[in-house]
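Here's the structure, in structure tokens; my notes come after.
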Amino acid sequence: QARSVLNTVEYIIVDEIHALAGTKRGAHMALSLERLEQLIAAAGNPSPQRIGLSATQRPLEEVAKFLGGRHQHGVSNEWRARPVTVVDTGVRKVLQLQIVVPVQDMGELGKPILDADGQPVMNGAAAGDPEQRQSIWPAIYPQLLELIRTHTSTLIFVNSRRLSERLAAKLNELAGEELVRAHHGSIAREQRLDIEEALKAGRLPALVATSSLELGIDMGAIDLVVQVEAPSSVASGLQRIGRAGHQVGEPSKGRIFPKFRNDLISSAVVANRMFAGAVEATKVPRNPIDVLCQQIVALVATSDEGSTVADVALMARGAYPFSDISDDMLDHLLDLLAGRYPSDEFAELRPRITWDRLTGNLTARPGAKLLAITSGGTIPDRGLYSVTTPEGTKVGELDEEMVFESRVGETFLLGASTWRIEDITPDKVIVTPAPGVPGKMPFWHGDKLGRPYELGKAIGVFVRALGTGELTDETLAEHYALDPLATSNLRQYVDEEKEATGGVVPTDRQLVIQRFRDELGDWQLCLLSPFGAQVHAPWAMAIEQKVRERLGMEVRAIWSDDGIMVRLP
């Protein structure tokens, strides 16, 4: 009802456009921009000027097409791309980057710690307590604390919300004061703003953040960015390290701490591609029809004069993600929304619009407007519980599984502060502050998107070059930012892998399949591949289906960025 205030919009700025263009969120926004064009044109005003901004986008031409969309030209109403001027500043940020390995041998990680008699050291005094194992964390914590104390403002990036909470708590414990706060998407916006202001004002020496601080934060005082574990992509690495030295001509100073040996390979390749500015190419999704259905219902439900099939086609074909949608596809979508289903299996679905096929008019059914307002968007409901104080102030969000495992009276950490659970309702957790009290670590599911295929392929090329001995220590130091310990650990890792597999390693040109029996005597089948979880997840589903068809048995496959494992009963 308030959209008339947008009739006089002259400029639309889409900041960090690369974060939208390759997703359904971008397709949703592109349709909204076309609806805004129609609204402004109906008021008799000229089309607004669109401006897209980003430091990590490629190819520029594809992003320009996404930003501009299309319009009908001339008396023939021919569809043409709107003219977009690409302003490429061409300045590559100077990076002072180093990959730091704080232990002599990363191959020892995970092995039991032995005492003088060669017996495993236990965690507690009671017999049978879990044995202590080698870990990289006791070596990382002091180095991080030293970096924080020797710099003005430090940003530490991690790849999961749980790790940001754990790392902030450990650093504060080691420092003996509140030196660090955690910052991630499950902390309420008001809390995040307070934390950011404390960093800007110099009251807080460091933050441990996830991708929540990757975009849009402009702080000139940050003089160091630390990344614990390899960044998930080259674009992410540039955005994160680029937070340091955020003034014209200032170099960005960054340190990457790999957590394990395979992480060392990813870190090296990401660093090399960051030096070259080789960000992943943006691929705009084509015709995500679930998004289009939402916008059609919204267009029809909010139209004062009523809508037509021509209005829908104008909105859809103006947006670049839907520029090649056919008349048949649009007719099928309108059939779906109007209740003309292909079989009675869809009888439970409620029609959202009425389509008069004689006149081409579209009208909304009762409840369509409320549905469009309350159920729009492309971010799924992940079952997160709101965390609020008794007064109703939002503190953040918790994963539903963690809430199910929690009880009234327990304490937990959120934003590196301790909270006590006072009540758990069907959709909220009521908490009060519990400063100084130890609390358990929260956890969330679905934290990581997985390595992009383009980066996975580059990792395969790098491993192949390592395996053939093409890369010298000088090259690894200069072009891959590896310190001496990182270089020796990397070479040792590849040599051990070749020794275990008879001379082969997973690269961009060859995959490695290993099989072994587990403790129960069942076969475990491992496919080692560098191509990333975005490739391995659908591959794993295909493997499960193929085994089901051929052998008639149920198998379960798990996948990661580095391969797939199948357990055969």
Taking the range 262-297 only, how many residues are without any contact (Cβ under 8 Å) to a residue 60 or more places away in the chain and in contact with a strand residue (DSSP E or B) (Cβ under 6 Å, 6 or more places away or on another chain)? 0
Residue count for the range 211-229, restricted to those that are within 21 Å of residue 54 (Cα to Cα), open to solvent by 10 Å² or more (accessible area, probe 1.4 Å) and either of a type in the set (Gly, Ala, Ser) or modelled with pLDDT of 65 or more (or both): 5
Go through the range 20-35 and give me each residue that's buried (at least 18 other Cβ atoms within 10 Å of the Cβ) and not in a loop (DSSP other than H, G, I, E, B). 20, 21, 26, 27, 28, 29, 30, 31, 33, 34, 35
When both residues are 6+ apart or on different chains and their Cβ atoms are under 6 Å apart, which pairs have a first residue that lies in the range 492-516 and is more than 14 Å from residue 530 (Cβ to Cβ), and a second that is open to solvent by 50 Å² or more (accessible area, probe 1.4 Å)? 515/523; 515/525
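Quick one: how many residues across the range 80-93 are surrounded by 13 or more Cβ atoms within 10 Å (Cβ to Cβ) and modelled with pLDDT of 80 or more? Walk me through how you get there before you give the answer.
Going through the range 80-93, the residues surrounded by 13 or more Cβ atoms within 10 Å (Cβ to Cβ) turn out to be 81-82, 84, 93.
Adding the requirement that they be modelled with pLDDT of 80 or more leaves 81-82, 84.
Residues that pass the stated criteria total 3.
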Just name the residue that is nearest to residue 267 (Cα to Cα) out of those in the range 137-161 that are in a loop (DSSP other than H, G, I, E, B) and open to solvent by 10 Å² or more (accessible area, probe 1.4 Å). 159
Considering only the range 89-111, I want to know if a residue exists there that is over 29 Å from residue 228 (Cβ atoms), free of Cβ contacts under 8 Å to residues at least 60 places away in the same chain and not polar (S, T, N, Q). yes
Given the conditions (1) farther than 19 Å from residue 290 by Cα; (2) modelled with pLDDT under 90; (3) open to solvent by less than 90 Å² (accessible area, probe 1.4 Å); (4) not small (Gly, Ala, Ser), every one holds for residue 388 apart from (2)
List every residue pair whose Cβ atoms sit under 8 Å apart, with the two residues 6 or more apart in sequence or on different chains, where the first one lies in the range 326-340 and is open to solvent by 60 Å² or more (accessible area, probe 1.4 Å) and the second, anywhere, is part of a loop (DSSP other than H, G, I, E, B) and at pLDDT 90 or above. 329/287
What is the residue count in the range 258-278 for residues that are outside any helix (DSSP H, G or I), on the phi < 0 side of the Ramachandran plot and surrounded by fewer than 23 Cβ atoms within 10 Å (Cβ to Cβ)? 3
Does the range 302-322 contain any residue that is without any contact (Cβ under 8 Å) to a residue 40 or more places away in the chain, of a type outside the set (A, V, I, L, M, F, W, C), loosely packed, with under 15 Cβ neighbours inside 10 Å and more than 25 Å from residue 78 (Cβ to Cβ)? yes
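The values are calculated or read from the model by the stated rules, or taken from the named source; none is laboratory data. Please read these numbers as outputs of a predicted model, since none were measured by experiment. Cβ sites come from the backbone with ideal geometry, for glycine too, and all protein chains shown count toward neighbours. Protein only, heavy atoms only, side chains kept; ligands, DNA and RNA dropped before computing areas. Shrake-Rupley method; radii C 1.70, N 1.55, O 1.52, S 1.80 Å.
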